[in-house]
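So the structure is just underneath, and the comments pick up after that.
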Amino acid sequence: MNDIIDTCAAIIASSRSLICLTGAGISVESGIPPFRGPGSLWETIDPMEFAHIQSFMKNPERIWRGFLAGMKDLLDKAMPNDGHQGLVALEQTGRLSTIITQNIDGLHQLAGSSDVIEFHGSFAYQRCLLCDRRIPSKDIDLSRLPPRCDCGGIFRPDCVFFGEMIPPDCLTRSRELAALCDVMLVVGTSAVVQPAAMIPVIAKSNGAIIIEINPEPTPLSAKTSDYVLKGTAGKVLTALVDAVNRIHS
Ligand code: NAD
Ligand code: ZN
């Protein structure tokens, strides 16, 4: 494992344009379970159903009770972990420029990463379905579900549900960065949710080297990833950053 870490560190240290795609796995060590893979919390419910816009519009109370209220509770308590900090450290070495995240937890920004594309929006804000008012999630009252705006409308999180469009500016910028980078880190994503899963494929087809970090194999591992660092985000990114710093010192 040390050999492959050193090889990847050397690639990162000499990269011209390094970007990173992250998924739910990077926040597992912050106590937020992923949708798939070991440790997923929602074994009793199907997140594909509970996080689908049609389910929400059909019965917002059910989705708030069964999914969103619990999610908000977890997100309120979560703090960045060594994986998020590792990416901040890579930015500080002058190598990593941008993180494209599928996460809606805001932990990259909280850790201190400065350029984060929130591909699936954010849970930090809620939007009223009736008047479109947008308020910070910390200000909504969950004592009655679903939470309501002063106008009587129901609040929804300002993130992208399954069945909804990716914000067009995020999609365009992510595709452009993917096409231009020469190295891409792919951390903690099952790479099955489209169009996010296409981002590493675009990078690869434009000649970038793909370095994947995940304790489990993914659809990228065999064909798209040039290097697979098997392990948790916190552990692997810490080792990788140490190895990059050794090269720089
Ligand atoms: P996913 O849940 O489909 O897959 C998680 C991946 O993380 C798996 O491949 C798993 O092997 C890996 N993993 C588990 N523990 C890990 C660790 N400690 N370190 C590194 N990797 C680890 O996640 P996804 O691909 O991001 O897709 C799920 C969708 O659900 C995304 O669109 C995302 O927006 C949303 N989601 C977000 C959060 C969050 O914001 N934290 C949490 C759950 C789901
Ligand atoms: Zn309203």
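The values are calculated or read from the model by the stated rules, or taken from the named source; none is laboratory data. As the structure is a computational prediction, the values presented were derived from the model and not from experiment. Cβ sites come from the backbone with ideal geometry, for glycine too, and all protein chains shown count toward neighbours. The area values use the complete protein model at the heavy-atom level, side chains included, leaving out ligands, DNA and RNA. Shrake-Rupley method; radii C 1.70, N 1.55, O 1.52, S 1.80 Å.
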Calculated from backbone phi, Karplus (6.51, -1.76, 1.60) coupling profile of the stretch 124-129 in Hz, x at Gly/Pro: 6, 10, 10, 10, 7, 5
Integer Hz, Karplus 6.51/-1.76/1.60 couplings in order for the stretch 242-249, x for Gly and Pro: 4, 5, 5, 5, 5, 5, 6, 8
Taking every eigenvalue of the Cα gyration tensor of the stretch 1-94, multiplying by 5 and rooting it, what semi-axes result, largest first, whole Å? 35, 13, 13
Whole percent per 5 Å bin, from 0 to the bin with the longest distance: what is P(r) over all C-alpha pairs of the chain? 1, 6, 14, 18, 19, 16, 11, 7, 5, 3, 1, 0
Aspartates and glutamates with Cα under 17 Å of residue 204, excluding same-chain neighbours fewer than 8 positions away: 176, 182, 212, 226
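Counting Lys +1, Arg +1, Asp -1, Glu -1, what net charge surrounds residue 118 among other residues with beta carbon under 15 Å of its beta carbon? Numbers along the way, then the final one.
Numbers: positive: 127, 134, 173; negative: 105, 115, 158, 164, 169.
Local charge sum for residue 118: -2.
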Cut-off 15 Å (backbone N to label point 7 Å along Cα→Cβ of residue 13), residues of the stretch 217-249: 239-249
Go through the stretch 99-164 and name the trypsin sites (Lys or Arg not before Pro) that are in a DSSP coil and have 10 or fewer other Cβ atoms within 10 Å of their Cβ. 144
In nm, the gap between the two label points placed 7 Å beyond Cα toward Cβ at residue 65 and residue 230 is 4.4 nm
Charged-residue dipole, Cβ positions (Lys, Arg, Asp, Glu), the chain about Cα centre, Debye nearest 20: 360 debye
Just grab the label-to-label distance for residue 57 and residue 74, each label 7 Å out from Cα along the Cβ direction, in nm (one decimal). 2.6 nm
30 Å Cα-Cα threshold exceeded, pairs from 77/230; 58/138; 138/230; 77/235; 58/223: 138/230; 58/223
Can you list residues from other chains, or at least 5 along the same chain, whose modelled amide H is less than 5 Å from the amide H of residue 213? 186, 187, 188, 229
Residue by residue, what Karplus-based ³J(HN,Hα) values in Hz, rounded to whole numbers, does the stretch 189-202 have, using 6.51, -1.76 and 1.60 with θ = phi - 60° and x for Gly and Pro? 10, 6, 6, 10, 8, 8, x, 4, 5, 7, 4, x, 5, 4
Once the whole set of protein chains is in place, how much accessible area is left on residue 6, using a 1.4 Å probe, in Å² to the nearest 10? 70 Å²
